Amino acid sequence: MLAEDVLSCPTGAISEVSREIGVLEKGRAGPLEFVCGVLRVGEAQAPPLIRAVRKHALPDRLNIVDAPPGTSCPVIAAIKDCDFVVLVTEPTPFGLHDLTLAVDTVREMRMPLGVVINRSDIGDDRVRVFCAKEGIAILCEIRDDRRIAEAYSRGLALVDALPEYRETFRALLAKIEDSGNARFA
């Protein structure tokens, strides 16, 4: 390649402009405060919005950061610098495949983790076998319960619609706290 074949950009030909990729929504549900990032439809750049949400984290409080499934950039942005990662899966071949990738990612980031098995009474036992083999704690199992989907579809908090799950989630939190890796009050 000759020097004259190299393309160059004249000064000022490219400029950077800000544009809205989503909005932050803040709210309260009883004693809980939340910040939610709503990505604009068709927008591909979720990490900046996730970072904006995370700036609202309160260092002296429990902060839960929800992430999309998988191992993409939004997941990395969501779990970066977290004290503990809870991976949620289903006991199916697809669930195991995605869990395996997620575990590899979290371990590469050197972060403590545990697993919640959702719809635990469907599928097979390969997720449990994988977790046992890999030394990963199964923190909680939630059975396939149509009432959960019904409550969610009506916009109800699970523990309000189905109070019998309240203790399940208290026990989940206790297991995370007992891991010795999570740092929150």
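Observations on the structure shown:
- Cβ-placed point charges (K, R +1; D, E -1), dipole of the chain about Cα centre in debye, nearest 20: 460
- Treating r as the C-beta distance of K133 and V159 and R0 as 30 Å, the FRET efficiency rounds to 0.40.
- Of R107, R126, R146, the one that fluctuates the most in a GNM where the chain has Cα springs shorter than 10 Å: R146
- Going by neighbour counts of Cβ atoms within 10 Å, the residues S18, S72, S120 line up, fewest first, as S18, S72, S120.
- When only Cα pairs below 8 angstrom with a gap of at least 6 residues are kept, the range 27-185 shows a relative contact order of 18 percent.
- Dimensions of the range 1-159 from C-alpha coordinates, computed as largest minus smallest value along each principal axis and given longest first, are 66, 44, 32 Å.
- Among beta bridges identified by DSSP and lying wholly in the range 24-178, the antiparallel ones come to about 40 percent.
A short reminder: the numbers here are calculations on the coordinates, not readings from a lab. Just so we're clear, the structure is a prediction, and the values are computed from it rather than from any experiment. Glycine also receives a Cβ, built like all others from the backbone with ideal geometry; neighbour counts cover every protein chain displayed.
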